[in-house]
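Each remark here refers to the structure printed beneath this line.
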Amino acid sequence: MNLLDTFSEFKELKNIDRATLIRILEDAFRAVLVKQYGTDKNFSIIINTEKGDFEILRKRIVVEDEKIEDTNLQISLSEAKSIDPDFELGEEVTDEVKMNDFGRRHILGLRQSLQGSIMELERDAIYQRYKDRVGEIIVGEVYQVWKREVLVRDDDGNDLILPKNEQIPSDFFRKGDTLRAVVVRVEVKNNAPLIILSRTSPMFLQRLFEAEVPEIFDGLITIHKIVRMPGERAKVAVESYDDRIDPVGACVGMKGSRIHSIVRELHNESIDVINYTNNIQLYIQRALSPAKINSMNINEEEKRVEVYLDAEEVSLAIGKGGSNIKLAIQLVGYEIDVFREQAESEEDVKLEEFSDEIEPWIIDVLKEVGCDTAKSVLELGFDELYRRTDLEEETINDVLSILQAEFE
């Protein structure tokens, strides 16, 4: 039996340097020599990782035939002369020890030990390599698609994982596809490195901006904060310390050329790029764009703000599925309550007119959030009512149904 197959595997390793590989191999061989001969002091081990072979040489002193005490350290004169007739007493004889001399059990043990040591070294090398690459974009090939995750392989054949919850909802991958994602964390599971990728992380969007906008990469424009609803909408606050540079214009590019490539990568995720400012009132106005705000009341202690808009602006401020206001809240760090401003009209109906169908205490709750007419409640919608009041879901749905019926 030989170890050539094992060596052919080892020499293909790319994550371990040659010196470390030789050290591990030599340590394993010397451990077997000690078991077999009681010492490894008189052995030289020559390893050729390029060819995948090795040689073990043993040095023994020539003694008279009848004076041999240790066959590992000494060789009889007659045996030495059978190798070379010129050998004399006291000289040193170097001969090769064959693997067959170790016995099958030792060879199997050596092979397993080598495989275990090398694989452990490679796993550690992969872990260390990717631990320093957290936050980097990786380009890999989809190797396997499962229900809960996608297995990706990098250029060196290392396995990376893209979990389902780190995928954009509209992502669809087939084996062989090229995939871009950011390394978000590196873990150790069952003694093996687990490299987790993400396409939903704000860091992924930041790295895409850095790749497309040279001013960001060069540090002329700073991304202050990114918030995302992956696949739907994102808001990016940017600033420049150079008055000659328009940070929003630089990020969007001529005719949207820069941001369009990012939007395509994110499957048409809508991206709002806004100028960051320390003026919280102006920052909130920009965060709620494209809605136009008439006025606002800011409570610094409670980190809460009331914004007042024309009726037709309310839906813009809230956005589809509440996306705009949710992202604005995350971006500015304030709870935002939207209030509708509209002159009374004949087409609208005051809430008191529904007192026979809606209990007075419910009407009072609705007024507390700025709703005093039927249309103001309907325009605010279920999500906002549920977020801003303590009403049960069923109660909100009943109220909306009653008010909606008035206009049908």
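The values are calculated or read from the model by the stated rules, or taken from the named source; none is laboratory data. Not measured: the values here are computed from a predicted model. Note that we place each Cβ from the backbone using ideal geometry, even for glycine, and neighbour counts take in every protein chain shown. For the accessible areas, the whole protein counts, side chains as well, though only heavy atoms, and no ligand, DNA or RNA atoms are used. Shrake-Rupley method; radii C 1.70, N 1.55, O 1.52, S 1.80 Å.
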Looking only at the stretch 278-288, decide whether some residue is in contact with a helix residue (DSSP H, G or I) (Cβ under 7 Å, 6 or more places away or on another chain), among the hydrophobic types (A, V, I, L, M, F, W, C) and either part of a loop (DSSP other than H, G, I, E, B) or open to solvent by 60 Å² or more (accessible area, probe 1.4 Å) (or both).
-> yes
Of all the residues that make up the stretch 267-277, how many are more than 16 Å from residue 332 (Cα to Cα) and either touching a Leu at 6+ places or on another chain (Cβ under 8 Å) or surrounded by 15 or more Cβ atoms within 10 Å (Cβ to Cβ) (or both)?
-> 4
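Need at least 2 residues that are loosely packed, with under 15 Cβ neighbours inside 10 Å per element, so show me which strands (runs of 3 or more DSSP E) inside the stretch 33-104 make the cut, counting only ones lying wholly within it.
43-48, 53-63, 92-96
Sort through 258, 264, 244, 207 and tell me the only one that's out of contact with any Leu (no Cβ under 9 Å at 6 or more places or on another chain), open to solvent by 30 Å² or more (accessible area, probe 1.4 Å) and modelled with pLDDT of 95 or more. Outline the logic, then answer.
Values: 258 fails: modelled with pLDDT of 95 or more; 264 fails: modelled with pLDDT of 95 or more; 244 fails: modelled with pLDDT of 95 or more.
Only one candidate passes the filter, namely 207.
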Looking at the stretch 340-380, which of the residues that are small (Gly, Ala, Ser) and either open to solvent by less than 20 Å² (accessible area, probe 1.4 Å) or within 19 Å of residue 292 (Cα to Cα) (or both) is modelled with the lowest pLDDT?
-> 343
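When you go through 129, 133 one by one, which is the residue that is of a type in the set (D, E, K, R), closer than 22 Å to residue 21 by Cα, open to solvent by 50 Å² or more (accessible area, probe 1.4 Å) and in contact (Cβ under 8 Å) with a residue 40 or more places away in the chain?
The unique qualifying residue is 129.
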Considering (1) within 18 Å of the chain's Cα centre (by Cα); (2) among the polar types (S, T, N, Q); (3) open to solvent by 40 Å² or more (accessible area, probe 1.4 Å), say which one residue 198 fails and leave the rest.
-> (3)
Restricted to the stretch 7-37, and to residues that are at pLDDT below 80 and small (Gly, Ala, Ser), which residue is nearest to residue 110 (Cα to Cα)?
-> 8
Count, please, the residues in the stretch 246-301 that happen to be more than 30 Å from residue 179 (Cα to Cα), small (Gly, Ala, Ser) and touching a Lys or Arg at 6+ places or on another chain (Cβ under 8 Å).
-> 1
Look at the stretch 173-195 and say how many of its residues are open to solvent by less than 70 Å² (accessible area, probe 1.4 Å) and either in contact with an Asp or Glu (Cβ under 6 Å, 6 or more places away or on another chain) or β-branched (Val, Ile, Thr) (or both).
-> 6
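Among what's in the stretch 294-333 and is part of a loop (DSSP other than H, G, I, E, B) and surrounded by fewer than 20 Cβ atoms within 10 Å (Cβ to Cβ), pick the residue that is farthest from the chain's Cα centre (by Cα).
Within the stretch 294-333, the first condition is being part of a loop (DSSP other than H, G, I, E, B), and the residues that meet it are 294, 300-303, 319, 333.
From the residues that got through so far, the ones that are surrounded by fewer than 20 Cβ atoms within 10 Å (Cβ to Cβ) too are 294, 300-303, 333.
Numbers: 294: 41, 300: 35, 301: 36, 302: 34, 303: 31, 333: 25 Å.
Among them, the one singled out is 294.
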Filtered residues of the stretch 153-172 (kept if open to solvent by less than 70 Å² (accessible area, probe 1.4 Å) and within 15 Å of residue 200 (Cβ to Cβ)) | 161, 162, 163, 166, 167, 168, 170, 171
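Of the residues that make up the stretch 317-327, is at least one hydrophobic (A, V, I, L, M, F, W, C) and over 14 Å from residue 227 (Cα atoms)? First the steps, then the outcome.
Filtering the stretch 317-327 for residues hydrophobic (A, V, I, L, M, F, W, C) gives 317-318, 325, 327.
With over 14 Å from residue 227 (Cα atoms) added as a condition, the list becomes 317-318.
Yes, the stretch 317-327 contains at least one residue that is hydrophobic (A, V, I, L, M, F, W, C) and over 14 Å from residue 227 (Cα atoms).
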Those residues that are within 23 Å of residue 77 (Cα to Cα) and either modelled with pLDDT under 85 or hydrophobic (A, V, I, L, M, F, W, C) (or both), I need them from the stretch 38-61; list them, please.
-> 43, 56, 57, 61
Does residue 337 count as open to solvent by 10 Å² or more (accessible area, probe 1.4 Å) and either at pLDDT below 90 or hydroxyl-bearing (Ser, Thr, Tyr) (or both)?
-> no
